[in-house]
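Read through the structure below, which is laid out as structure tokens, and then see the notes.
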Amino acid sequence: MPRVLDLLDPRVVVREGPRGLVLTSAAPLPQPARAVGDWLVRWAAERPDATFLAERAASGEWAPTSYRTALERVRGIASSLLALGARPDRPVMVLCDNGTDSALVQLAAMHAGIPVAPVSSAYSLLSTSFARLRAVFAQLRPGFVFVDDPRRFAPALDALGLVGVRPGLSGVAVIGSSPGGDHLLADLAAAPASPDLDRAFASLGPDTIAKLLFTSGSTGAPRGVVNTQRMLTANQASLAAIWPFLAKRPPVVVDWLPWSHTFGGNHNFFLVLSQGGSLYIDRGRPAPGLVEVTLRNMAEVSPTLWFNVPRGFDQLVALLEADTEAARAVFARLDLVFYAAAALSPQTRVRLEKVAAGAGRPDVFFTSSWGSTETAPLATSAHFPTRTTGILGVPVPGVDVALVPVADRLELRVRGPNVTPGIWQPGGSVVPIELDADGFLATGDAGRLADPERPEAGVVFAGRLAENFKLSSGTWVSVAAVRIGVVDACAPLLLDAVIAGHDRQSLGALLVPSPAGRALPNAELAAALAARLAAYDEAHAASSERLACALVLDAPLSLDDGETTDKGYTNQRRVLERRAADVERLFAFGDGVIDLRGPGGPG
């Protein structure tokens, strides 16, 4: 008998607001927890020996940390931070990748009422200029910086002026899991819990700043979005309400998504903690040589929930198709496949469903949601069966979503306890976030009802307002839809496509090849892409969808210059700005350009 997950009825209440349609879940928001630390205290009492966190040890075996041990270490670190002079206006800055020590430091800071700011490790380890790292450091003015290995992070620490400078001089202390900083984390964790910590923890409230998450800085320098305790706990109360099945067994998750982003650091991490589950920290990611690490970890653990970005699923599905034994292990007890940050390719979903069926789990639930760093992140969820990959779902309990006309689109706006109060400023002040007259946050994302007669069918994503443009004919182009169609038509040869054509007669695309695409000789790759793009054009007659030309990019997208993030999100506008010469060559049909014009073709 097929399994049926227990899900909240997606029924919504619809009303006409002064600026547009407003959707609200018919279900009320359950009472959120007071603070995220209450979850750790609860499970340390109720499931003290259960694995909370696990990561690979040097031996290659999983090294688990129980809830009881986690709470003991968190209380020790938090007490030490307060004894060392930690203050709410001097956050704890975390530079390293996901890891047990990083998790304990972050939880300890929040336990003590000190904001924590996990920063993308790419700013320290992949950057050559450290420009973004310096910008974040200047905004934070932290009291402490944590790295797991101070020697590995020495260039980044040097760029911040923290190498060889004692804390009494710099005002910033470096904490490390290994020697090389000002304090060893193990020493801080071994300290006894203090009365000062008990008082600090008791004083936490809904408005206490818990975290600062920095946006990718697509339109300038990264900015620190304030995450309060209310935002984080209300998000998890909404998630528990839409997924009642979570109460039947604690979730088991294998996850690589960086904690410097709201998807991995808020949605996934706190889901595990709030439900008393187990999080296996994955050192893999969607990259050659590392995606195989993810597959091995998932096959060993057999998770119950699988979270990833579309690029991760795109790369893993081929490995799963080729290894039926690993596929059976991955899907052995899997309830749910969840994608976010971008739309999943329809072809990838079909392939994943086929793999699941072959592994004996044809009833795995595929779903997605929508939100942003400013909404902590959950705002809508597709907690109902879907057959397409563009459905964002309906508002979760406690959240209102408005569809407000902007040009020829409907902008998605959010109101609720999950919305940030503002942006962190040096010294600890907060600039209030800009809301419209009805208290809604404008997100810059566009959407529409999948079925105006049935709002419970959900909202369809219609792209970023800033990415869409008009052709010279005045026809609007939905960049997200074209991009998905092109990447899907060319699978598995492309990682992404950047769509160009503003004020031009026709569309063109800058193509980012995948590892499979780069493995082909240039001429063979160009021929394969030309054939697939011609087939795409045949199926898309409108000028706002068809391509006239395409160009394979030689240089990879740049993290330093904001073309991409460490999650693999491509900033379309930034790529077009930086690659203006490539755009000109594209529409001039210069060397290397795939010419898709033909009898009756575009252009």
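Cα extents of the chain along the three principal axes, largest first, in whole Å?
In descending order, the Cα extents are 79, 56, 54 Å.
I want the antiparallel fraction of DSSP beta bridges within the chain, as a percent rounded to 5. Working shown, then result.
Numbers: 57 of 90 bridges.
The answer is about 65 percent antiparallel.
Let me cross-check residue 196: its accessible surface, 1.4 Å probe, with only protein heavy atoms counted, in Å² to the nearest 10?
For residue 196, the solvent-accessible surface is approximately 80 Å².
From the P(r) of region 396-538, could you give the percentage of C-alpha pairs in the tail past 18 Å? Present the calculation step by step, with values, prior to reporting the outcome.
Values: 6934 of 10153 pairs.
Distances greater than 18 Å cover 68 percent of the Cα pairs.
Stokes-Einstein diffusion coefficient for region 476-515 at 25 °C in a medium of 0.890 mPa s, Rh from the Kirkwood formula over Cα pairs: what value in µm²/s?
Value of D from the Cα-based Kirkwood radius: 235 µm²/s.
Give me, ordered by chain and number, the residues 5 or more places off residue 12 or on other chains with an amide H under 5 Å from its own placed amide H.
Under 5 Å from the amide H of residue 12: 26, 456.
Using a probe of 1.4 angstrom, how much of the accessible area of the chain is carbon and sulfur, in percent?
54 percent
Suppose we look only past 15 Å in the calculated P(r) of region 174-218. What percent of the Cα-Cα pairs does that tail hold? Display every interim value, and only then the final one.
Details: 668 of 990 pairs.
Value for region 174-218 (Cα pairs over 15 Å): 67 percent.
Can you give the longest run of the chain that contains no GluC sites (Glu not before Pro) sitting in a DSSP loop with at most 14 other Cβ atoms inside 10 Å?
With GluC sites (Glu not before Pro) excluded where exposed in loops, the chain gives 62-433 as its longest stretch.
Using the scaling law 2.2 N^0.38 Å as the reference, what is the normalised Cα Rg of region 246-305?
Rg over 2.2 N^0.38 Å, computed on Cα atoms: 1.12.
Report the relative contact order of region 46-94, percent, no decimals, based on alpha-carbon pairs under 8 angstrom and at least 6 residues apart.
28 percent
FRET efficiency for residue 431 and residue 207, Cβ-Cβ distance as r, R0 = 22 Å, nearest 0.05?
0.90
With n ≥ 4 as the cut-off for DSSP H runs, can you work out [θ] at 222 nm for the chain, using -39500 (n - 2.57) per run divided by the number of residues, rounded to the nearest 500?
-9000 deg cm²/dmol
Taking a probe of 1.4 Å, how large is the accessible area per residue of the chain, in Å²? Don't skip to the end; give the middle numbers.
Working: 23100 Å² over 603 residues.
Normalised by residue count, the accessible surface of the chain is 38 Å².
R0 = 41 Å: FRET efficiency of residue 293 with residue 530, Cβ-based, nearest 0.05? Don't jump to the answer; show the numbers that get you there.
Values: r = 34 Å, r/R0 = 0.84.
Once the sixth-power term is evaluated, E becomes 0.75.
Accessible surface of residue 199 in the full protein assembly, 1.4 angstrom probe, to the nearest 10 Å²?
140 Å²
What order do 560, 335, 198 take when sorted by accessible area (1.4 Å probe), most exposed first?
198, 560, 335
Which residue, 106, 4, 64, has the largest displacement toward the positive end of the dipole of the chain when charges sit on each Cβ (Lys, Arg +1; Asp, Glu -1)?
It is 106.
Sort all Cα-Cα distances of region 284-421 into consecutive 5 angstrom bins from zero, then give the percent of pairs in each bin up to the one containing the longest distance.
For region 284-421, the binned pair fractions read 2, 10, 18, 20, 17, 13, 9, 7, 4, 1, 0 percent.
Can I get the semi-axes of region 149-296's equivalent ellipsoid? Compute them from the C-alpha gyration tensor as square roots of 5 times the eigenvalues, in angstrom, largest first.
Ellipsoid half-lengths, sorted descending, are 30, 23, 18 Å.
Over the heavy atoms of residue 470, what accessible area does a 1.4 Å probe trace out, to the nearest 10 Å²?
Accessible surface of residue 470 is approximately 80 Å².
Measuring from the lowest to the highest alpha carbon on each principal axis, how far does region 494-603 reach, largest first, in angstroms?
42, 33, 25
In whole Å, largest first, what are the principal axis extents of the Cα atoms in region 32-124?
38, 34, 27 Å, listed from the longest principal axis down.
Which value, in debye to the nearest 20, describes the size of the charge dipole of the chain about its Cα centre when Lys and Arg Cβ atoms bear +1, Asp and Glu Cβ atoms bear -1, and nothing else is charged?
580 debye
Report, ordered by chain and residue number, the aspartates and glutamates lying within cross-link reach of residue 354, taken as a straight Cα distance under 12 Å and ignoring same-chain residues fewer than 8 apart.
Reachable aspartates and glutamates: 321, 363.
Would you mind checking the radius of gyration and Dmax of region 101-152 based on alpha-carbon positions, in Å?
So, for region 101-152, Rg and Dmax equal 11.8, 35 Å respectively.
The values are calculated or read from the model by the stated rules, or taken from the named source; none is laboratory data. This is a predicted model, so every value here is computed, not measured. Positions of Cβ are generated from backbone atoms using ideal geometry, with glycine treated the same way; all protein chains shown enter the neighbour counts. Ligands, DNA and RNA are excluded from the accessible area calculation, which covers all protein heavy atoms including side chains. Shrake-Rupley method; radii C 1.70, N 1.55, O 1.52, S 1.80 Å.
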